[in-house]
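The values are calculated or read from the model by the stated rules, or taken from the named source; none is laboratory data. This is a predicted model, so every value here is computed, not measured. Positions of Cβ are backbone-derived with ideal geometry, glycine not excepted, and every protein chain shown enters the neighbour counts. Just so you know, the surface numbers come from the protein's heavy atoms only, side chains and all, with ligands and any DNA or RNA stripped out. Shrake-Rupley method; radii C 1.70, N 1.55, O 1.52, S 1.80 Å.
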Amino acid sequence: MNPELVKQIDATHLPVHIAIIMDGNGRWAKLRGLERTEGHVAGVESVRKVTECAARLGVKYLTLYAFSTENWNRPREEVDALLHLIVMSLRKEVPHLKENNVSLRVIGDIDRMPAHTRECLEKSIEETSVCDGTVLNLALSYSSRWEITDACRRLAREAAEGRIDWASIDDEAVASHLSTAGIPDPDLLIRTGGDERVSNFLLWQIAYSELYFTDIYWPGFGADQMLRAIIDYQGRERRFGLTSEQVSEHGQQ
């Protein structure tokens, strides 16, 4: 990490939860005359750099959008390559995660994953469960609409079975049935690759997140780019629907 950038970070004002849409692997590869899958391979190194950066700074939660439900519609060869890369990367990265005291979790419709992929995920989660530093959430076979629909379905079932009163369902009840239950909402959402949209990612959870977009493709995004995003975040005023004066008053109390 660039020491000059690190000096600009206010350690008392770190985002607790950072979420990242890792976009641009394919375009990065195309610019270099490579196959799209080579871009995904290069992107794994960025995952390591960003995770290590978060761990060293003390960011508690890092959620990475690795594979969306829409990605299942990509060419079969690319999907197979992505799933193979996930398995191979996890086997390789678990020692690095443990070295940095990072525990692994997964959110998404994992039942759609091949059995050997699920087994690898479960083993990696178990092996890193001893770590109590940064929590790395991999969003795999994930989409926010799937997640919210699933939460509604489970709430409806509980109401139909008489376990809850439908009239008691509120924001907290919905949040407790999401994949991210028990995890604070992201303070900062980063998207690489130049597009400025959230692509069905954590729609409920990012209601008040600060958004940061960069033209850098994911394989070119590392620790220094992460630091710049955090510095930008720390320069913003988060009002959560209040006025600046109210925010100031709350800060003085």
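Output the Kirkwood hydrodynamic radius of region 54-144, Cα pairs only, in Å rounded to one decimal.
13.5 Å
Apply 1/(1 + (r/R0)^6) to the Cβ-Cβ distance of Asp224 and Val130, taking R0 = 41 Å, and write down the FRET efficiency to the nearest 0.05.
Approximately 0.85, to the nearest 0.05.
Just tell me, in residue order, which DSSP H segments of the chain are both 20 angstrom or longer along the helix axis (alpha-carbon based) and at least -0.5 in mean Kyte-Doolittle hydropathy.
Flagged H segments are 36-57, 76-99.
Just by accessible area at a 1.4 angstrom probe, what is the order of His17, His84 from largest to smallest?
Order by accessible area, largest first: His84, His17.
What is the set of long-range amide H partners of Asn137 at a cut-off below 5 Å, with H atoms built 1.01 Å from backbone N?
Result for Asn137 returns Leu62, Thr63, Leu64, Arg105.
Multiplying the sequence separation of Arg145 and Trp72 by 0.36 nm and subtracting their Cα-Cα distance, what value in nm do you get?
The span from Arg145 to Trp72 would gain 24.8 nm if fully extended.
Compare Arg74, Arg157, Arg145 by solvent-accessible area with a 1.4 Å probe and give them largest first, with all protein chains kept in place.
The ordering from most to least exposed comes out as Arg145, Arg157, Arg74.
Report the full-extension gain for the segment Trp204 to His116: residue separation times 0.36 nm, less the Cα-Cα distance, to one decimal in nm.
28.6 nm
Expressed as a whole percentage, what fraction of the accessible surface of the chain belongs to carbon and sulfur atoms when a 1.4 Å probe is rolled over the protein heavy atoms?
49 percent
Among Tyr61, Tyr208, Tyr217, what's the order by accessible area (1.4 angstrom probe), most exposed first?
Tyr208, Tyr217, Tyr61
Mind scanning Lys30/Lys98; Lys7/Lys123; Lys7/Lys98 and naming the pairs with a C-alpha gap bigger than 28 Å?
Lys30/Lys98; Lys7/Lys123
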